[in-house]
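Following: one structure in structure tokens, then a few remarks.
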Amino acid sequence: MTEKSIDWNEVWKNRMLRYNESHGHMDCADFWGNKDIAKHCWRTKEENKKERIEKTIKGITISPMSRVLDIGSGPGTLTIPLAEKVAHVTAVEPAEGMISVLRDKIAEHGFTNIACVPKKWEHVDIMKDLEVPYDVVIASFSLGMLDIMKSISKMVDACSKYIYLYWFAGEPAWEIRYRKLWPALHGADYHSSPKCDVLFNVLYHMKIYPHITVFPYKHCSRFSSLDEAVEYFIPRYGITMYRQELILRDYLKQFLEEDNGSLLLWTTATCVKMW
């Protein structure tokens, strides 16, 4: 097969399907539907993502008059700080837990310039569900769509100026841990998600030639106890049996670090920004 004959959209789709199969066909929206897990995500963001968020926003071309579309907004990691700087933000987020936390934060801060669309990007009708066009479209580590070419085409249709995509280059530390632990838990290999090499080739074949910046990512999750950490990761590792829980518990002990009565789990990754 020559490079010209490769259908990179199909490569992305097949790898994403295998990734979803590894998780028992539970996608990100299913996992983040739990509000307690979504709250943990927000607390983690407040503790150690402030610098990264500030850097991300500084790297986006916005003005006080900008209208921004945040695809896969989560609990408002970018939506909330962006709303302080621009005229309007529309947050698209399918996970019930995440959108619930985001709405809590909107009410808490009294924002009137944020609209929430509780749908997967694939299911959004840009003419009915959105107020197009947007000056800026952002998809920050939220590219879990099967048909990535169609999803990006829809972003182009919704945007009048800039699109920013953030994704992974190589396996992040959490996928490496999954890959090592999965056979003991499930008797099967773990399949990682498609990475930025596939994404770039999809864009290239769409005649989109993006700017690319590579940057390191470091993330810390804080837990009050080993039990809390195990409880948090049980759905992530698809655990349904006590035997699996014991394996996970022993595995986490290798990585959790004590810190003033808490337990920390550090995660690193190499990421890309394409715009």
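The values are calculated or read from the model by the stated rules, or taken from the named source; none is laboratory data. Since we're looking at a predicted model, the values are computed, not measured. Neighbour counts are summed over all protein chains in view; Cβ atoms, including those assigned to glycine, are modelled from backbone coordinates with ideal geometry.
What to note about this one:
- Cβ-Cβ distances below 6 Å connect the following pairs, each with a first residue in the stretch 88-111 that is in a loop (DSSP other than H, G, I, E, B), a second residue that is buried (at least 17 other Cβ atoms within 10 Å of the Cβ), and a separation of six or more residues or different chains: E93/S73; E93/I99; P94/A29; P94/K120; A95/A29; A95/W32; A95/G33; F111/A83.
- For the stretch 218-231, the set of residues classified as hydroxyl-bearing (S, T, Y) and at pLDDT 90 or above consists of S224, S225, listed by residue number.
Here is a yes/no grid of residues against (1) of a type outside the set (V, I, T); (2) within 18 Å of Y164 (Cα to Cα); (3) at pLDDT below 95:
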| position | (1), (2), (3) |
| --- | --- |
| A95 | yes, no, yes |
| E108 | yes, no, yes |
| K119 | yes, no, no |
| V124 | no, no, no |
| M127 | yes, no, no |
| V132 | no, yes, no |
| V136 | no, yes, no |
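- From I126, I148, residue being aliphatic (A, V, I, L, M) and surrounded by 21 or more Cβ atoms within 10 Å (Cβ to Cβ): I148
- Single residue of the stretch 244-272 satisfying the filter (closer than 23 Å to Y217 by Cβ and of a type in the set (V, I, T)) that is surrounded by the fewest Cβ atoms within 10 Å (Cβ to Cβ): T268
Yes/no matrix, rows are residues, columns are (1) outside any helix (DSSP H, G or I); (2) small (G, A, S); (3) over 26 Å from Y134 (Cβ atoms); (4) in contact with a helix residue (DSSP H, G or I) (Cβ under 8 Å, 6 or more places away or on another chain):
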| site | (1), (2), (3), (4) |
| --- | --- |
| E171 | yes, no, yes, yes |
| E175 | no, no, yes, no |
| L185 | no, no, yes, yes |
| Y190 | yes, no, yes, yes |
| L199 | no, no, no, yes |
| F215 | yes, no, no, no |
| H219 | yes, no, yes, yes |
| V230 | no, no, yes, yes |
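- Within the stretch 217-254, being under 24 Å from A169 (Cβ atoms) and either polar (S, T, N, Q) or touching a strand residue (DSSP E or B) at 6+ places or on another chain (Cβ under 6 Å) (or both) holds for Y217, K218, H219, C220, S221.
Yes/no per residue for (1) farther than 22 Å from E21 by Cβ; (2) among the aromatic types (F, W, Y):
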position: E175; (1), (2): no, no
position: L203; (1), (2): yes, no
position: Q244; (1), (2): no, no
position: F255; (1), (2): yes, yes
position: N260; (1), (2): yes, no
position: T267; (1), (2): yes, no
position: W275; (1), (2): yes, yes
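- Residue check, T240 over 23 Å from the mean Cα position of the chain (by Cα) and among the polar types (S, T, N, Q): yes
- Residue selected from the stretch 242-275 under the condition touching a helix residue (DSSP H, G or I) at 6+ places or on another chain (Cβ under 9 Å) and in a loop (DSSP other than H, G, I, E, B), by the criterion modelled with the highest pLDDT: L256
- Only listed residue being out of contact with any Phe, Trp or Tyr (no Cβ under 8 Å at 6 or more places or on another chain) and closer than 25 Å to S142 by Cβ, chosen from R249, R222, R243, R236: R222
- The stretch 194-212, subset free of Cβ contacts under 8 Å to residues at least 60 places away in the same chain and under 22 Å from the mean Cα position of the chain (by Cα), residue farthest from S142 (Cα to Cα): D197
- Qualifying position, being touching a residue at least 12 places away in the same chain (Cβ under 8 Å), surrounded by fewer than 16 Cβ atoms within 10 Å (Cβ to Cβ) and under 29 Å from L78 (Cβ atoms), among R222, R236, R177: R236
- When Y209, Y232, Y217, Y190 are screened for being within 17 Å of T270 (Cβ to Cβ) and of a type in the set (S, T, Y), only Y217 passes.
- Residues that are within 16 Å of the chain's Cα centre (by Cα), of a type outside the set (A, V, I, L, M), closer than 23 Å to K55 by Cα and buried (at least 17 other Cβ atoms within 10 Å of the Cβ) do occur in the stretch 157-165, at least one of them.
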